[in-house]
Amino acid sequence: MMTRSQQGRTNRLTRPSIAVAAAVAVTAGVVAAAPDAKTAAVAGPKLSLIAASTSVTLDSWKEEPGVYLDLGTYLTSEKGAFEFKVTRKSYKDPVVASQIIRNGKETTTKALPAGLVKDFTGLPDFMEVSVVDAAGKPVLKKTENFCPNNASGRVRPDAPANSKYPQSCPVNPFTLGSVWGVENGWAANTYAGYYSAPVQLAAGTYTAKVSVTKKYRDLFGIANKPQSVKVTVRERSWEGQEGGSGGAAAKVASSSPHAGHAGHQAAADPAPSGHAGHGAPARTDAPAAATTGAGSTFNVGHGPYPPAPPALPWALKKQAGKGAFGAQGFSAARVGDRAGQTDGSRQAPGAQPNAKRPTGKAAVPNVPKPDLRSLPAYGITVSDGYEDVPGKDYLAFSANVWNAGPAKLVVDGFRSPGKELMDAYQYFYDAKGKQVGYTPTGTMEWDPRPGHEHWHFTDFASYRLLKADKKETVRSGKEAFCLANTDAVDYTVKNANWHPGNTDLSTACGQENSISVREVLDIGSGDTYTQDLPGQSFDITDLPNGTYYIQVLANPENRLKETNHKNNSALRKVVLGGKKGARTVKVPAHHLVNAN
């Protein structure tokens, strides 16, 4: 059992930040001018770069050097949505991206240049940022990737109340398909958020110029109208910072039962690439002004990746006539989760189980069923046994099981009075969503360990280390899970849900005194677990050096009813080396996916 001190140690190393920038008013004159005749001729929506304010204040923390360069610039989409479909046929094939242009009932597909998009994290090198100091001396020039799904809000009150697009761009290296989009009449933050590395800027005043790079201006018909933002960098210290979303609040959050799937997540790489989630420690919680309470909860809990950036904490609204910001200016709307605003927590409500356990004869009707599939293991490293089991070598890894549909996986657990285990049932639905059958499918058990403290569905997946001849040599002790939709694996499959409900552990899995629980794995999404503790990871202390395979096996006992049981296994080749106490691992590329 992991002690609270051990859990705290790991959370300090790996828990991503949920700090949120303060909301600022949007001033007049920051909206880019309309494109000229040349750019207007390009098919597609009208895109503009805007700045939420002419000035921002950024914090540089003594305990965590570097400044996160969120300058409050946004890309707006008018006269249609800025939409993309991004896919790959297999891991042997490159990523292919196409722009989807909708004009009434007519839909046009425009392929992006081959090789422009290499992964699913967004459009690479979309933005260019240059910074000069107070004397006009250049101190920084860099490009930023752009995720069209980045936290956003409306720019006019008659825009659609909700964006239909997913909340973030997937960074799992084994993602198969994604959908990106800026909704018509909405704005998407151009900053790469938690997937961007901090920059080194001393305390002082600067001027930043932000622009869309030429290749994308030409490709999408965006006017060349850079935005200028005055930047004040102030140095602060965590000491004495008890308010806001960090400080004492952050310490409480890191010790929450829902802070992590096992309280242990792989280290996150701040670089905005398909390999994000491996390498340097993740951005640490830091104090921040309590503005909207926007928490970046998507993808918190199971996987090794940081969450989506915080939502835009205000809706940009045009004001009629002259106001505080001049004729037809912009002002900050009131905060809160209501029509057209996404500034509240992204935490979705938990799916509710049936009021009581099913009665009558169990039946598996002839209706669509889920298709559970395994992704190859990733985030593979060698670790010691910590203070739990000193002198040991372990092979740690992350594993994902996802649902390719066409039906979601729904499992309810029901507790008999006085019983420690819940009885689990899988439910089936017809095309209209009506429940038409159920079948018993094992049990759920309460995991009391700090960092868990929720109900696990047993026998959902198993992990095995196979020898070169692919015969089992070591098995992980981890086979029981709380299901959550942590990763968007393929949102192009039939019936994919772009807005799944339970995206972290606070939205599912129940409490110790729960009488019933519902756990759901939605279509297109997967659940990542990081196996880095003794009992979860593989004990390789006495294994000979050589080639092995990590097997991720979904539904190992075939208790769950699926459309296909033949695609439940995935293998990842690894090569062990070194000596006892200093073991090494090499992870060859898996076809075109070169991520450990």
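Available extension along the chain between Val364 and Tyr91 is 94.9 nm, counting 0.36 nm per residue and deducting the alpha carbon span. Evaluated over the stretch 98-212, the count of Lys pairs having alpha-carbon atoms less than 26 Å apart is 9 (only pairs 8 or more residues apart or interchain).
Across the alpha-carbon set of the stretch 100-178, the Rg to Rh ratio works out to 1.07, Rh being the Kirkwood radius. Extension gain, Ala582 to Thr563, is 2.4 nm, computed as 0.36 nm per intervening residue step minus the present C-alpha separation. Full extension of the chain segment joining Asp469 with Leu140 gains 113.2 nm, where the gain is 0.36 nm per residue of separation less the Cα-Cα distance. Cα centroid separation, the stretch 120-162 to the stretch 544-596: 37 Å. Relative to the Cα centre, the charge distribution of the stretch 428-470, modelled as +1 at Lys and Arg Cβ and -1 at Asp and Glu Cβ, gives a dipole magnitude of about 220 debye. Largest accessible area first, the listed residues Asp487, Asp59 line up as Asp59, Asp487 when surface is computed with a 1.4 Å probe on the assembled protein chains.
Take Tyr438: with every protein chain present and a 1.4 Å probe, its accessible area is about 20 Å².
Given a 1.4 Å probe and the protein chains as shown, Asp158 ends up with an accessible area of around 110 Å².
Dimensions of the stretch 38-115 from C-alpha coordinates, computed as largest minus smallest value along each principal axis and given longest first, are 52, 37, 23 Å. Listed cross-link partners Lys215/Lys573; Lys85/Lys467; Lys85/Lys225 are compared with a 29 Å cut-off, the Cα-Cα value being larger for Lys215/Lys573; Lys85/Lys467.
The values are calculated or read from the model by the stated rules, or taken from the named source; none is laboratory data. Please read all numbers here as calculations on a predicted model, not as lab measurements. All Cβ positions, glycine included, derive from the backbone under ideal geometry; neighbour counts span all protein chains shown. Just the protein is used for accessible areas: all its heavy atoms, side chains included, with ligands, DNA and RNA removed. Shrake-Rupley method; radii C 1.70, N 1.55, O 1.52, S 1.80 Å.
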